[in-house]
Each structure stands twice: as structure tokens, then as C-alpha cells.
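K.L.:
Just passing along the structure, written as C-alpha cells.
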Amino acid sequence: MRAAIEKTWHKAGAIEGVQTQTLSHPEIRIVLFGKTGTGKSASGNTILGRKEFDSRVRSRSETKECVKRTGEVAGRRVVVVDTPGLYDTKLSQKEAIFNAVQCITKSAPGPHAFLLVLQLGRFTEEEKRTVEIIKERFGGKATNYIMILFTRVDDLEEGETIDQYVKEAEDDLKQLLMECGCRYHAFNNREKNDRTQVTKLIEKIEAMVTANNNTYYTSEMLQQVDEKIEQRVIEIMKEKKEQIDLEIEKLKRKNQHKLQEKMRQIEEEIQDEEREMKMRELMSECAFNPP
């Protein structure tokens, strides 16, 4: 498996990083996704160059709903939407769906990039499923707009680059990156004054936008996903109803069979009683009318 991944990896050119280009879009809209504690909110602050999101270290997410902030990077307007941490929030399914819609609404007319924030180091089982979760909420087309943003790049060994880290990463992480088009970037959120890392991120997003034919993820795409989900729910409900109807029919036939058997037994008992009564009558007649 590793050999196959390496072959695809080098074809994608991911080890050398995403090629940059001249900035051309007047506004870039970004939605941040990730597990609590990965540096998601801190990355939002790094992008904007000031503290806009609460990025204090906590074991649970303090972001209960999507938060939108704007700023300027390299002479262009940048919109950043921070979302509740994945997996460890106390949100109900309805609230999670509402937030999914809200993050699209807050980045209207739609985000150019979903930044999936991962911290260098241990790659958890939950994070391995992140892209699948995004697909479930936003549909398969969403993967065209996903880029991995690694944080804590300052934890790399001296002289090690993010490209080397990715090249030597475990297969699961490489597979995740491949699902995201082998697009990635890295931040040192302790160096908020290093604006080069931010401009390079915007350039990579520009390259992704160009590869997507200058499109962004729209609310119409989300609506199509919702319609598919709704249609699937209807199909499941129909299948369940058909299954329930079959079970009811089986029970009816079973009960009908039992009822018929019971009726047969009752008829036999009645017939037995009638025969016994006739026998008694005959015996009584014989007793009073001897030959």
C-alpha cells in the first residue's frame, strides 16, 4: 500500500508543495474545521494578524457556534469563519446540521477553502474520519475545496521541513491528504508577526480556486446534499414501512392460521359434545323403551 501511495503522491507533486501564483481574487473566504486543541482558533488569529478568536488552551470547545471575522491580507479582504471543534462538542445532531449551514451562510456567497486544521504529531482515529464527516455534511464536492493546515510546525526537528514530515508520514495521514487533493500548508502560530506564512497560504488557496475554475462552495451545493439526504431518508422510511407491512402481514397470516386452528378445535369439540349428547339421548330412550 505504501508504494502505491508514494507513487500517487509524487505524481501529485505534494512533497514539493502547492505551486503559488499571482493573487487575483479581491476576497478570499475561509472556513476552519478541526478538533479542539489543534490550534484552529489560533490559526484564525494568525491569518487575520490580530486576536479575533478565543485561542486559549482548553480540553473542550468554547466555540459553540460559527464565528465570522474579517481582515486584510496582501491587500485583499479575507473572511475567516471559525467553527465548533469536531467530535468533542455537546451539540445535538440538529445543532450540528444548523452549524454546517451557518458556516456557509456566514461565508456567503460561499467559502473558497475549508481549512482542516491538524496538529503535528499523533494522528487520531477521529481525525482519520474527518474527511468522511465533511463529505456527509457537505457532500463529495466539498473535497475539492479542502486544504490541510498543519499547526505546531515549530515542533519539527531542527532543519526538518513540513514537506519532509509529510513524506515520512504514516499511510493514514497520506491517504487523508490524497483525499484532499494533496494540498497542505503549515503554521507556527507562535510567530504571528511572520506574515510570509499567511501570504503563502493565501497564494495556495488562490491556486486551489483556479484549479476549481474560480468557483467556491455554495449554499446550492449544500442544498443538493440536503435534498439527497432527505430523499435517502424517505427511501429508508419507505423500506422500513414495507418491512413493517410484511411483518404485519406475516403476523396476520400466523394469527389467522392460529385462529383457524382454534376454530377447528372448537368445532371438533362441539361435534364431540353433540355426538355425546346424541349417545346419551339414545341410551335414555333405550332405558325407558326397552325392546
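The values are calculated or read from the model by the stated rules, or taken from the named source; none is laboratory data. All values reported here derive from a predicted model rather than from experimental measurement. In case anyone asks, the SASA skips ligands and DNA or RNA and just uses the protein heavy atoms, side chains included. Shrake-Rupley method; radii C 1.70, N 1.55, O 1.52, S 1.80 Å.
K.L.:
How long is the gain from D54 to F123 if the chain were fully straight, where each residue apart is worth 0.36 nm and the alpha carbon distance is subtracted?
P.N.:
Numbers: separation 69, 0.36 × 69 = 24.84 nm, distance 2.39 nm.
Here the answer is 22.4 nm.
K.L.:
What whole-number value in Å² describes the accessible area per residue of the range 114-207 for a 1.4 Å probe?
P.N.:
Details: 4200 Å² over 94 residues.
Value for the range 114-207: 45 Å² per residue.
K.L.:
Going through the cross-link list K35/K128; K40/K192; K68/K106; K40/K167, which pairs have a Cα-Cα distance over 18 Å in this structure?
P.N.:
Values: K35/K128 11 Å; K40/K192 14 Å; K68/K106 6 Å; K40/K167 23 Å.
Over 18 Å Cα-Cα: K40/K167.
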